[in-house]
2 protein chains.
Amino acid sequence: MFKQGNFAGVLNAEFEGGFFGPIIQGVRDIMLPFQWEALNDRVPGGERSGCIHNFEVAAGLKDGQHYGFVFQDSDLAKWLEAVAYQLQLAPDAQLEKLADGVIQLIQKAQMNDGYLNTYYQLKDITKRYTNLRDDHELYTAGHMLEAAVAYYLATGKDAFLQVMQRMVAHIATHIGPEPGKLHGYPGHEEIELALCKLYDVTGDEQALRLAEYFIHQRGQTPNYFVEEQKKLGREYKPGGAYGYTYAQHHQPVLEQEALEGHSVRALYLLCGMADVALRTGDETLKDACRRLFDNVTQRRMYVTGGVGSSRHGEAFTFDFDLPGDTAYAETCASIALVFASRRMLEMETKGEFADTMERALYNTCLAGMSLDMKNFFYVNPLSVNPEASHKDDRKRHVLPVRPHWFGCACCPPNLARLLSSLALYALGSQGRWLNVHLYIQGRYEALVNDTKVAIEILTDYPKSGSIRLKLSAGDYGLRLHLPSWCKVYTFHLAGKDAAHEVKDGYLCLNGPFEDCELELQLDMPVERVYANALVSEEAGKVALQRGPIVYCLEEVDNGASLHQLLLPREAALTWAKNDKLPGGQEIKARGLRRQTESSLALYSTKPPEVVEAKLTFIPYYAWANRGENEMRVWMEEAKKKAACL
Amino acid sequence: MFKQGNFAGVLNAEFEGGFFGPIIQGVRDIMLPFQWEALNDRVPGGERSGCIHNFEVAAGLKDGQHYGFVFQDSDLAKWLEAVAYQLQLAPDAQLEKLADGVIQLIQKAQMNDGYLNTYYQLKDITKRYTNLRDDHELYTAGHMLEAAVAYYLATGKDAFLQVMQRMVAHIATHIGPEPGKLHGYPGHEEIELALCKLYDVTGDEQALRLAEYFIHQRGQTPNYFVEEQKKLGREYKPGGAYGYTYAQHHQPVLEQEALEGHSVRALYLLCGMADVALRTGDETLKDACRRLFDNVTQRRMYVTGGVGSSRHGEAFTFDFDLPGDTAYAETCASIALVFASRRMLEMETKGEFADTMERALYNTCLAGMSLDMKNFFYVNPLSVNPEASHKDDRKRHVLPVRPHWFGCACCPPNLARLLSSLALYALGSQGRWLNVHLYIQGRYEALVNDTKVAIEILTDYPKSGSIRLKLSAGDYGLRLHLPSWCKVYTFHLAGKDAAHEVKDGYLCLNGPFEDCELELQLDMPVERVYANALVSEEAGKVALQRGPIVYCLEEVDNGASLHQLLLPREAALTWAKNDKLPGGQEIKARGLRRQTESSLALYSTKPPEVVEAKLTFIPYYAWANRGENEMRVWMEEAKKKAACL
């Protein structure tokens, strides 16, 4: 049963062809085997992971010390979660055997009292739960728990789930509202949403209550992390990138007006808040979710769906601060934004949430990996000059090419689990409605009002906006997302016009349906996109988007000094397929280039001359697949009308 | 005798009125008394200096420990140097008594072996000369030496000079090319130029040879600092902002093609190279100076004469990398650029060097202090949003208001000594030529070809370009700088046209002269300035300049969100005096403003609307005198012609 958490409805899915078919297959064929090798320290030239090693030492199978970060276990967790989703999509005896084996190892590594975290087990067990702020103990437990739930749902095997239930029980014995327990919460949020998943499969009320406690205890007075750091004898200042906002404990969540601090933490917190609110029906908490989500998407999100403007604390900074060349925009943060958007859709079926999910997925998430799925970005800038990355410490985090594997390898396995579970993001059911949020080619089986519905989506979306949907008969309604970039669409049911309503960005058909075929044609012209005038970094600039895909210029197609290029407001924009280019498509335009003066005078009263220049844009997600070169999403616009008086 | 170092010619000067008269008086009346209090830890609320305290402890006058930085002594040195110049300008028995008193203290603090550095004397004398890279020992000695020379020239008293001659002898005993000595050089350059000043007043060849050794030993193999750090058991990586380039020892100076690393260090090195080359006649070293100076001024200098693009290492980054909002552009670096430019003028009387001196002096140097001369900037950005300074760690170094005094107080006393010695930068003689590089109102006495020449400059420059010069009779030539921003000028000698030649940016009159008056009228229109098209940060932007003064927009005059403002290329620019504004002048223009959408949509296919907006510009140096607010030098240009097709 694919269905998990509160992403109600999807029972099974199969992907073949279309845009994501090869990518989801690539996760199975390329990413998961590679990551398995990496987890086992068998990648030549790759940074050591130590992940499996740590479990083996903790299990007493070999001697050694803990290697790597305090959250090293979570890399294995994300791999196992991705494996679970892949097993759900298609059986694979060999992969399942590998997973079962490593789950046995995890069982052996677990302590008798139920505790499981190789870092503390191998470093100093007396220190567990003493530094919740920094040490990712609950975060790691959260990922392990998510993986255990997914594996249980995919295979019906509950060994891993039992391991993690014992760990949750251990946590609940030590942390909670009761006197004598630590009144703490995770420094890096994650376990809140995982506890809700556990609650969904076991009905364990204690899990939900613990999640709720973590959510609401955060930022209460006395401030737990302030006291905790005091006990550790460490100075802890409230301000700056590593102050109280870094881990979102500057205020109780219900009082927070903006998503602050470390962007992945902040968005996992938002997911946990939404999950708790959806299960408890807490309207105040739902309002808080909506407020924080609006803050991000209306004031703190790059046009690529990247979030986290600063590398200092990998964090949000302030409203409308969206510099492209020093962006952090971590791949994991955009994955978390997909997670959060999907949860908002569970609260309200509003197109804006699906729009954000699309923006993050098709741009920053996909940019997080190379087209061959072997190299990965952590940081996803909107403008790169390799010379700056090499010579300027402000931009050293902005890599111009994707490295193979990171010591801190959160992003690659996070991508693997997102891509393997896309069915949960594409579809969902609510009451008698089957919702289609993303147009991902595949065959799905969904549970709508206790009825099984089969739906097949046939499309090359996002290359085109042509979508065919085959539906099985039944008494249910269908809601199809109309992306906000789409201004014109046509729709036919069994080749004919059909009564429908458009509401909140969804095309709604009441049903009931016979076995039938629907055709949806979304007009997908190339559009010029402008940022709000409060965004200083993008003032006077324009970006190109077609469907959900944001485009960029690369040096290899357009020459060096991309900042010299301008796009006239009236220039025709021609889209075409082009298999020679990464991403298989291009936008061509006749643009302009400011010429470098031969004299090299640094300042002059004479403005640089402008000459014509041919521009070639490729999808942003496909950049950096042809070696090190400049890249740019926002470019200067040459204006003919308003701005020129 | 004012004349010092190789800035030949200026014997005496008096300043009254004009642009700099009140500023130079302000140094005496406000800055020096305040700084004296600060050095004595008597400024309520100010950061502790500890400077005098350290000398008192070293002198055995009180118990205590060293306080402050390893270079804390240099704050007193710069204060004493400024005092010396002020005593030269006008006698002041009280100030001289204060200086004599503190010089006695310095004498008492000096060790029997001649060594003088309170940090090592009070911390651990066995460690002296063990960490030349980091510990500013030679830098501090250099500043002390400069002060001693200046005080000797101003007062004829040689007590301080003798102290420093003993310290130089101590250094020369321990460091140098001979076997058994340390083959090192200063981590922070400064003493090279100071040794040349010592050579000029004493004729001590050993001082010049030591300076020459420091210059050429730098970056040789084996690399001294690499070996030194190895001995200290510290890891030292070549790359990054704190690698080998930080202290310019990545290559021998003759092989360096660009000015790299910590900008103040790099420019003090350039000064030392020029000073040595001027005295030894080393043409290869002169070529290296020219190459490095050209690199800075043609590729790495802000339009304000600020240098050092990154706070990481307070350093240069790479050619044409000039971001305004994350600039470091330390006040001291622009002071050093003035020093370097003046030395280049000694090599060749070329207007471009005087242009750079003007650009740095009238913009970044002056911006380093508030108009009341009580508050000081370290960092001089070209664009400031206070919210970013408060909330974004990338811009925390960019202060929106000048603080009172720094723990690391290099900039305020450095300004004091520059402003008190402006006569040396304004004038100079070369053979039979008297050169006027800067138009600073004052009465000067200069030595030209062994003849005393009196010259008085009367002008409100840079508020206008009207300059009167009164000359005493004599057989000498006169060269007057024609700033590169000036395209039209008129010139009269005793009310009539006079034969003259224009060469290398100087108007040259052969003389001989009777007692006479010259009138020079430099046309000073407001100009639009554009950066070279290789500068990505300023692409599509324009700055305003009138005479040597660069202008800026401030929020208090133009409203918030300055990035929303545009200046049409054809808009009339009206300059006027306005005593209500800081700097006493303004430029007005009819500009445009991109309007904030009321919907607050972050991205839209509709470009922001543009409406008319009145623009008010004030001199850049006068910004941040009306509380915390936004500021911006470069603004977007609305183009009517070329760029709009």
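The values are calculated or read from the model by the stated rules, or taken from the named source; none is laboratory data. Just so it is clear, the model here is predicted, and its values are computed rather than measured. When we count neighbours, we look across all protein chains shown, and the Cβ atoms used for this are built from the backbone with ideal geometry, even at glycine. All accessible areas refer to the heavy atoms of the entire protein, side chains included, with ligands and DNA or RNA removed. Shrake-Rupley method; radii C 1.70, N 1.55, O 1.52, S 1.80 Å.
Among the residues examined, A:Leu478 qualifies as open to solvent by less than 30 Å² (accessible area, probe 1.4 Å) and over 25 Å from A:Cys365 (Cβ atoms).
From the list A:Ala571, A:Ala576, the one residue that fits, being more than 29 Å from B:Val296 (Cα to Cα), more than 10 Å from chain B (Cβ to nearest Cβ) and out of contact with any Ser or Thr (no Cβ under 6 Å at 6 or more places or on another chain), is A:Ala576.
The single condition among (1) surrounded by fewer than 21 Cβ atoms within 10 Å (Cβ to Cβ); (2) closer than 21 Å to B:Thr317 by Cα that A:Ala388 does not satisfy is (1).
Of A:His174, A:His170, all but one fail to be touching a Leu at 6+ places or on another chain (Cβ under 7 Å), surrounded by fewer than 22 Cβ atoms within 10 Å (Cβ to Cβ) and not hydroxyl-bearing (Ser, Thr, Tyr); the exception is A:His174. Just checking, does the stretch B:340-360 include any residue being assigned to a loop (DSSP other than H, G, I, E, B), away from chain A (no Cβ under 14 Å), among the hydrophobic types (A, V, I, L, M, F, W, C) and within 17 Å of the chain's Cα centre (by Cα)? No, that holds for no residue.
Of the residues in the stretch B:327-344, how many are more than 16 Å from B:Leu269 (Cα to Cα) and either surrounded by fewer than 24 Cβ atoms within 10 Å (Cβ to Cβ) or of a type in the set (Gly, Ala, Ser) (or both)? The number of residues fulfilling the criteria is 2.
Checked against the criterion of being free of Cβ contacts under 8 Å to residues at least 24 places away in the same chain and crowded, with 17+ Cβ neighbours inside 10 Å, the candidates A:Gly50, A:Gly18 yield just one match: A:Gly50. Residues in the stretch B:407-451 that are assigned to a loop (DSSP other than H, G, I, E, B), at negative phi and not small (Gly, Ala, Ser): B:Cys408, B:Cys410, B:Arg432, B:His437, B:Leu438, B:Tyr439, B:Ile440, B:Gln441. Looking only at residues of the stretch A:384-403 that are part of a loop (DSSP other than H, G, I, E, B) and out of contact with any Asp or Glu (no Cβ under 8 Å at 6 or more places or on another chain), we find that the one that is nearest to A:Leu39 (Cα to Cα) is A:Pro403. For the stretch B:374-383, the candidate set comprises residues that are in a loop (DSSP other than H, G, I, E, B) and away from every other protein chain (no Cβ under 13 Å); within that set, the residue that is most open to solvent (accessible area, probe 1.4 Å) is B:Lys374. Among the numbered conditions (1) within 14 Å of another protein chain (Cβ to nearest Cβ); (2) crowded, with 21+ Cβ neighbours inside 10 Å; (3) in contact with a Leu (Cβ under 8 Å, 6 or more places away or on another chain), the only one that B:Ala622 does not meet is (1).
With the structure loaded, tell me whether A:His216 is assigned to a helix (DSSP H, G or I), on the phi < 0 side of the Ramachandran plot and open to solvent by 40 Å² or more (accessible area, probe 1.4 Å) or whether it fails that test. Here the answer is yes, as A:His216 does meet what is asked. Every listed requirement among (1) open to solvent by 40 Å² or more (accessible area, probe 1.4 Å); (2) in contact (Cβ under 8 Å) with a residue 60 or more places away in the chain; (3) within 8 Å of another protein chain (Cβ to nearest Cβ); (4) closer than 16 Å to B:Glu538 by Cβ is met by A:Lys541 save one, (3). Selection of first residues in the stretch B:21-32 that are open to solvent by 30 Å² or more (accessible area, probe 1.4 Å) and of second residues that are of a type in the set (A, V, I, L, M, F, W, C), restricted to Cβ pairs under 7 Å at least 6 apart or on distinct chains, gives the following pairs, ordered by first then second residue: B:Ile30/B:Met373. Here the strands (runs of 3 or more DSSP E) wholly within the stretch A:564-645 that include at least 1 residues being within 18 Å of B:Ala533 (Cα to Cα) are A:565-568, A:585-594, A:610-619, A:635-638.
Would you mind stating whether B:Asp450 is over 30 Å from B:Trp79 (Cβ atoms), away from chain A (no Cβ under 14 Å) and among the acidic types (Asp, Glu)? Judged against the criteria, B:Asp450 is a match.
Inspection of the stretch A:246-259 identifies no residue that is open to solvent by less than 70 Å² (accessible area, probe 1.4 Å), more than 14 Å from chain B (Cβ to nearest Cβ) and among the aromatic types (Phe, Trp, Tyr). Out of curiosity, is B:Ala638 crowded, with 20+ Cβ neighbours inside 10 Å, closer than 29 Å to A:Leu566 by Cα and within 8 Å of chain A (Cβ to nearest Cβ)? So B:Ala638 passes the test.
Across the stretch B:515-538, the qualifying residues are those that are open to solvent by 30 Å² or more (accessible area, probe 1.4 Å) and assigned to a loop (DSSP other than H, G, I, E, B), and the one among them that is nearest to the other protein chains (Cβ to nearest Cβ) is B:Leu534. Is at least one residue of the stretch B:111-119 in a helix (DSSP H, G or I) and in contact with a helix residue (DSSP H, G or I) (Cβ under 9 Å, 6 or more places away or on another chain)? The answer is yes; a qualifying residue exists. Every residue in the stretch A:54-89 that is among the acidic types (Asp, Glu) and in contact (Cβ under 8 Å) with a residue 24 or more places away in the chain, please. Correct list: A:Glu56, A:Asp73, A:Asp75, A:Glu81. Would you be able to say whether some residue in the stretch A:490-504 is over 30 Å from A:Asn385 (Cα atoms), within 14 Å of chain B (Cβ to nearest Cβ) and in contact (Cβ under 8 Å) with a residue 12 or more places away in the chain? Looking through the stretch A:490-504, none of the residues is over 30 Å from A:Asn385 (Cα atoms), within 14 Å of chain B (Cβ to nearest Cβ) and in contact (Cβ under 8 Å) with a residue 12 or more places away in the chain.
Filtering the stretch A:590-605 down to residues that are farther than 22 Å from B:Gln545 by Cβ and more than 7 Å from every other protein chain (Cβ to nearest Cβ), which residue is surrounded by the fewest Cβ atoms within 10 Å (Cβ to Cβ)? Filtering the stretch A:590-605 for residues that are farther than 22 Å from B:Gln545 by Cβ and more than 7 Å from every other protein chain (Cβ to nearest Cβ), the one surrounded by the fewest Cβ atoms within 10 Å (Cβ to Cβ) comes out as A:Ser598.
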